[in-house]
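The values are calculated or read from the model by the stated rules, or taken from the named source; none is laboratory data. Just so it is clear, the structure is predicted and the values come from calculations on it, not from any experiment. When we count neighbours, we look across all protein chains shown, and the Cβ atoms used for this are built from the backbone with ideal geometry, even at glycine. Note: areas computed on protein heavy atoms with side chains; ligands, DNA, RNA excluded. Shrake-Rupley method; radii C 1.70, N 1.55, O 1.52, S 1.80 Å.
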Amino acid sequence: AQKVTQVQTEISVVEKEDVTLDCVYETRDTTYYLFWYKQPPSGELVFLIRRNSFDEQNEISGRYSWNFQKSTSSFNFTITASQVVDSAVYFCALLLYAGNMLTFGGGTRLMVKP
Amino acid sequence: DAGVIQSPRHEVTEMGQEVTLRCKPISGHNSLFWYRQTMMRGLELLIYFNNNVPIDDSGMPEDRFSAKMPNASFSTLKIQPSEPRDSAVYFCASRRDRVNEQFFGPGTRLTVL
């Protein structure tokens, strides 16, 4: 069975600091997709990125960047120059190509203080 | 394009009452998911529909929970009778294709007293 682990349950940083949220996954499948979602205090889940297992290129979107390392089964998320609005719970998730359902990690609560 | 719509946003009810949560997926999406989120258990998938047909309901806690999708634009999740331990945020999500991302609704915060 597949599993997603986010070991950092809570991170606190001061505004403008860089912060990396770790995500480690387990699966025996060779084809899968990885996702990150953001859940701000308002409660909705916002899709951030999808990555397939064949594409190990790092991705950058503004202050957000993602580092996918298949060798270590990790899909880490870095926020550069964090802002208070980045405060949220961030979830990493895995979808097997042969499956239909997302497996979510436990989430990391990020608090960015002014 | 409107996102996934859920109603009500908040529901407070008494133990033993019937509760119905509603979801309208994004137009053109053919898969619909119901999740429950609690502090203790995180995000749990309850049931998944594809083309209006329930595919996997193994996450439904017990017979008190039932879900329907009578057409491509509407789904309900019903709890009868409700219990305090059902208190949670219930999310509906929809997806266009199997490998695409799921888009979540704003959630319904259910409190059972």
Hits among lysines - C-alpha to C-alpha of B:LYS68 under 30 Å, sequence gap 8 or more where chains match: A:LYS3, A:LYS38, B:LYS24, B:LYS78
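Of the trypsin sites (Lys or Arg not before Pro) in the stretch B:69-113, which ones lie in a loop per DSSP and count no more than 16 other C-beta atoms within 10 Å? Write down the numbers at each step before the final one.
Numbers: sites: B:LYS78, B:ARG85, B:ARG95, B:ARG96, B:ARG98, B:ARG109; in loops: B:ARG96, B:ARG98.
Loop-located and lightly packed - B:ARG96, B:ARG98.
Could you tell me whether the stretch B:1-45 comes out rounded, prolate or oblate from its Cα gyration tensor? Rule is a ≥ b ≥ c as square roots of the eigenvalues, rounded for a/c under 1.5, then prolate if a/b exceeds b/c, otherwise oblate. Each step should come with its number before you reach the end.
Working: a/c = 2.44, a/b = 1.48, b/c = 1.65.
In terms of gyration-tensor shape, oblate.
At a Förster radius of 30 Å, what calculated FRET efficiency corresponds to the Cβ-Cβ distance of A:ASN52 and B:VAL53, to the nearest 0.05? Please report the intermediate quantities before stating the final value.
Numbers: r = 26 Å, r/R0 = 0.88.
The formula returns an efficiency of 0.70 here.
Can you give the convex hull volume per residue for the Cα atoms of the protein assembly as shown, as a whole number of Å³?
On the way: hull volume 28.7 nm³, N = 227.
Each residue corresponds to 126 Å³ of Cα convex hull volume.
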A:PHE91 - accessible surface, heavy atoms, 1.4 Å probe, Å² rounded to 10: 10
Separation between Cα centres of the stretch B:77-113 and the stretch A:1-45, rounded to whole Å: 21
Principal semi-axes in Å for chain A [√(5λ), Cα gyration tensor, largest first]: 24, 14, 12
Where chain A is the region considered: accessible area per residue in Å², 1.4 Å probe: 50
Within-13-Å neighbourhood charge of A:LEU48 [Cβ basis; K, R +1; D, E -1]: 0
Largest-first ordering by accessible area, 1.4 Å probe, given options A:MET101, B:MET60, B:MET40: B:MET40, A:MET101, B:MET60
Using a Förster distance of 41 Å, the FRET efficiency for A:THR20-B:THR20 (Cβ separation, nearest 0.05): 0.45
Share of pairwise Cα separations in the stretch B:32-84, more than 14 Å, in percent: 53
Semi-axis lengths, Å, the stretch B:3-113, gyration tensor of Cα atoms, sqrt of 5 times eigenvalues: 22, 13, 13
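Give me the percent relative contact order of the stretch A:1-85, please, defined on Cα pairs under 8 angstrom at least 6 residues apart. Before the final figure, lay out each step's value.
On the way: 142 pairs, mean separation 28.2, N = 85.
Dividing the mean separation by the residue count of the stretch A:1-85 yields 33 percent.
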